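These notes concern the structure reproduced below.
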Amino acid sequence: MNLITQSLHDLYERELDKLLEELKAYKNEENLWKVSGEITNTGGNLILHLCGNLRHFIGAMLGGSGYIRQRDDEFALKDVKKSELIDQIKATKKIVLETLSGLSNEKLEEIYPVNVFGKEMTTLYFINHLYGHLNYHLGQINYHRRILDK
């Protein structure tokens, strides 16, 4: 691995480990699926969303994993068992880290294969965007857990 892919690998590994820690920290499994007041996304749905997002945009689009995203299900499914969410996070981590490890500097400099925001961007730019997206929702999950799991 080169310096850039090693850095990306290490950062994604750290945050996906934190995602797993947040999930395991829910004292009451039912709280994963609760909303309250202006909190409209559940912790469980955010976890499904992050896994679907990363497995699609990194695993399938860059790694050729064959994953088929069902984005609507990421927000529609309810009461998925904690053990299944753990398995999804582990599978996501595996494919993301394998894919990032295999990216060359040339690949990172290429235009990302899908025009997601209505403009072309490099693969490195989009991977950095996905990292920010992961952290944004990781923070939401942390607050969701602490508010509902008192």
Among LEU23, ILE89, GLY59 - extreme Cα towards positive end, dipole of the chain, charges at beta-carbon: LEU23
Find how much the distance from VAL116 to TYR136 grows on full extension, using 0.36 nm per residue of separation minus their present alpha carbon separation; answer in nm with one decimal. 5.4 nm
Given the Cα-Cα distance of TYR125 and ASP17 and 0.36 nm per residue of separation, how much length would full extension add, in nm? 36.6 nm
On the accessible surface of the chain, probed at 1.4 Å, how many percent belong to carbon and sulfur atoms? 51
In degrees, nearest ten, helix 3-25 long axis to first principal axis of the chain (Cα): 10
Roughly how many Å² is the accessible area per residue of the chain, as a whole number, for a 1.4 Å probe? 53
Can you tell me the orientation of helix 82-101 relative to the chain, as the angle in degrees between its alpha-carbon axis and the longest Cα principal axis, to the nearest 10? 10
If you put +1 on each Lys and Arg Cβ and -1 on each Asp and Glu Cβ, how big is the dipole of the stretch 54-130 around its Cα centre, in Debye rounded to 20? 280
Give the peptides 114-121, 74-81, 94-101 in descending order of average Cβ contacts within 10 Å, highest first. 94-101, 74-81, 114-121
Could you give the size of the charge dipole of the chain about its Cα centre, using +1 on the Cβ of each K and R and -1 on the Cβ of each D and E, expressed in debye and rounded to the nearest 20? 380
Which residues in the stretch 120-135 place their backbone N less than 18 Å from a point set 7 Å from the Cα of LYS107 along the Cα-to-Cβ direction? 121-131
Across the chain, how many lysine pairs separated by 8 or more positions, or lying on different chains, have Cα atoms within less than 19 Å? 29
Between ILE68 and LYS24, how many nm apart are label points set 7 Å from Cα along the C-beta direction? 3.3
Helix 123-148 vs. the chain, principal-axis angle (Cα, 0 to 90°, nearest 10): 10
Any chance you could look up the accessible area of HIS56 with a 1.4 Å probe, heavy atoms only, rounded to 10 Å²? 40
Sum of side-chain charges, LEU124 neighbourhood, beta-carbon under 10 Å (Lys, Arg +1; Asp, Glu -1): -1
Among ASP72, ASP17, ASP87, which one moves the most in a GNM of the chain with springs linking Cα atoms closer than 10 Å? ASP72
Let me have the 222 nm mean residue ellipticity of the chain computed from DSSP H runs of 4+ only, each contributing -39500 (n - 2.57), with the sum over all residues rounded to the nearest 500. -20000 deg cm²/dmol
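The values are calculated or read from the model by the stated rules, or taken from the named source; none is laboratory data. Keep in mind it's a predicted model, so treat the numbers as computed, not measured. Counting neighbours? That spans all protein chains shown, and the Cβs are built from the backbone with ideal geometry, glycine included. Accessible surface is based on the protein model in full, side chains and every heavy atom, while ligands, DNA and RNA are left aside. Shrake-Rupley method; radii C 1.70, N 1.55, O 1.52, S 1.80 Å.
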